[in-house]
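Participant: One structure is given below, represented as structure tokens, and several questions about it will come after.
The values are calculated or read from the model by the stated rules, or taken from the named source; none is laboratory data. Since the structure is predicted, the reported quantities are computational estimates derived from the model, not experimental observations. FYI the Cβ positions are ideal-geometry reconstructions off the backbone, even for glycines, and counts take in every protein chain you see.
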């Protein structure tokens, strides 16, 4: 079955100040990489119409959606948060990114494609219900999960977030809810300061948030260990009906906003694990949503590695492994053993 790639020039229209890391060239580099003959068999789709306020409200307060629209400048860019900006087109672009994540879910859940990758911007996993953060306006992963629940009747969704920054907005959205398992591996200490071991959910959602904060310098083998020791057994026990991936490429060793040492082989290894889990647990239903990644060449190579893995279902071996990261994985396993067999 085919793989869907969603990309569109419209995602270049969200302008940011010169020198800002989250700039349109990120997607230009990815588009160039994925124009290679190896990706000729991808099913390609452009961005759908912008998500309606009702659909955005699946993740955000209606008042917040209105505030973002009302804050749009007539020209240029304005700063609305420490590192988040708006231009005249930003609302439409962000709403179309959210709609693209919903389209990916619709196509995957319906069985029309095996899996999907959304090459979209701005990213979303820092955006909370009522405020923007970390370059993010609307939370694409949360909206995609809600789409799977509300339009396709999914009762168990797993979200895997491998961005270098913790997905605080996604965690907050599902912190008290057992219908979404949120698994995040991220650099610690690092922006935004959340995602430490004891953050496991509350109330009915206790045990359904899994955080693995890794020290700077973690490499391919360390990330593979996170999947092998923590994520894999927990996701298997959870038995999701679909898997979503917040695919942040800023854990690459060349990325300027992180301190990790992941290579293309590491991305391939994680992607293959997600593919295998989806095939074994939920009929292959898997969708990737682009989050961070701020070195253009490294981001493009990393996305290329993920797509090659999805298409070929192979990944090169990884090597390395650090003592500090091994200790962090062991600590995460100890914390999660209260809730899962790990």
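Participant: Looking at region 180-199, which of its residues are more than 19 Å from the chain's Cα centre (by Cα) and either over 23 Å from residue 224 (Cα atoms) or in contact (Cβ under 8 Å) with a residue 60 or more places away in the chain (or both)?
Facilitator: Listed by number, the residues that qualify are 197, 198.
Participant: Let me ask something additional. Give 56, 27 a once-over and let me know the one that is under 20 Å from the mean Cα position of the chain (by Cα) and within 30 Å of residue 177 (Cβ to Cβ). Give the steps one after another, and end with the answer.
Facilitator: Values: 27 fails: within 30 Å of residue 177 (Cβ to Cβ).
The unique qualifying residue is 56.
Participant: Within region 205-252, which residues are under 25 Å from residue 5 (Cβ atoms) and not in a strand (DSSP E or B)?
Facilitator: Matches in region 205-252: 220, 223, 227, 231, 235, 240, 241, 248, 249, 250, 251.
Participant: Does region 255-264 contain at least one residue that is within 14 Å of residue 115 (Cβ to Cβ) and over 17 Å from the mean Cα position of the chain (by Cα)?
Facilitator: The answer is no, given that none of the residues of region 255-264 is within 14 Å of residue 115 (Cβ to Cβ) and over 17 Å from the mean Cα position of the chain (by Cα).
For (1) surrounded by fewer than 19 Cβ atoms within 10 Å (Cβ to Cβ); (2) in contact with a strand residue (DSSP E or B) (Cβ under 8 Å, 6 or more places away or on another chain); (3) at pLDDT 95 or above; (4) closer than 22 Å to residue 267 by Cβ, each residue gets a yes or a no:
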residue	(1), (2), (3), (4)
170	no, yes, yes, yes
186	no, yes, yes, yes
194	no, no, yes, no
198	yes, no, yes, no
207	yes, no, yes, no
213	no, yes, yes, yes
216	yes, yes, yes, yes
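Participant: Is there a residue being assigned to a loop (DSSP other than H, G, I, E, B), closer than 17 Å to residue 55 by Cα and either out of contact with any strand residue (DSSP E or B) (no Cβ under 9 Å at 6 or more places or on another chain) or free of Cβ contacts under 8 Å to residues at least 40 places away in the same chain (or both) anywhere in region 77-94?
Facilitator: Taking every residue of region 77-94 in turn, none turns out to be assigned to a loop (DSSP other than H, G, I, E, B), closer than 17 Å to residue 55 by Cα and either out of contact with any strand residue (DSSP E or B) (no Cβ under 9 Å at 6 or more places or on another chain) or free of Cβ contacts under 8 Å to residues at least 40 places away in the same chain (or both).
Participant: What tally of residues in region 320-335 results from selecting those that are surrounded by 15 or more Cβ atoms within 10 Å (Cβ to Cβ) and within 23 Å of residue 253 (Cα to Cα)?
Facilitator: Final tally of qualifying residues: 7.
Participant: Note down all Cβ pairs under 8 Å where the first residue falls in region 247-276 and is at positive phi and surrounded by 19 or more Cβ atoms within 10 Å (Cβ to Cβ), the second is assigned to a loop (DSSP other than H, G, I, E, B) and at pLDDT below 95, and they're at least six residues apart or on different chains.
Facilitator: The qualifying pairs do not exist here.
Participant: Can I ask one more? Can you pull out the residues in region 133-147 that are farther than 19 Å from residue 186 by Cβ and in contact with a strand residue (DSSP E or B) (Cβ under 8 Å, 6 or more places away or on another chain)?
Facilitator: Scanning region 133-147 gives 137, 144.
Participant: Follow-up question, since we're still on this one. Inspect region 123-142 for any residue being out of contact with any helix residue (DSSP H, G or I) (no Cβ under 9 Å at 6 or more places or on another chain) and outside any loop (DSSP other than H, G, I, E, B) and give the result as yes or no.
Facilitator: No, because not a single residue in region 123-142 is out of contact with any helix residue (DSSP H, G or I) (no Cβ under 9 Å at 6 or more places or on another chain) and outside any loop (DSSP other than H, G, I, E, B).
Participant: A follow-up question, please. Of all residues in region 293-319, how many are without any contact (Cβ under 8 Å) to a residue 60 or more places away in the chain and buried (at least 17 other Cβ atoms within 10 Å of the Cβ)?
Facilitator: Of the residues in region 293-319, 6 are without any contact (Cβ under 8 Å) to a residue 60 or more places away in the chain and buried (at least 17 other Cβ atoms within 10 Å of the Cβ).
Participant: Please give the helices (runs of 4 or more DSSP H) falling wholly within region 20-70 in which 3 or more residues are buried (at least 19 other Cβ atoms within 10 Å of the Cβ).
Facilitator: By residue number, 25-33, 62-70.
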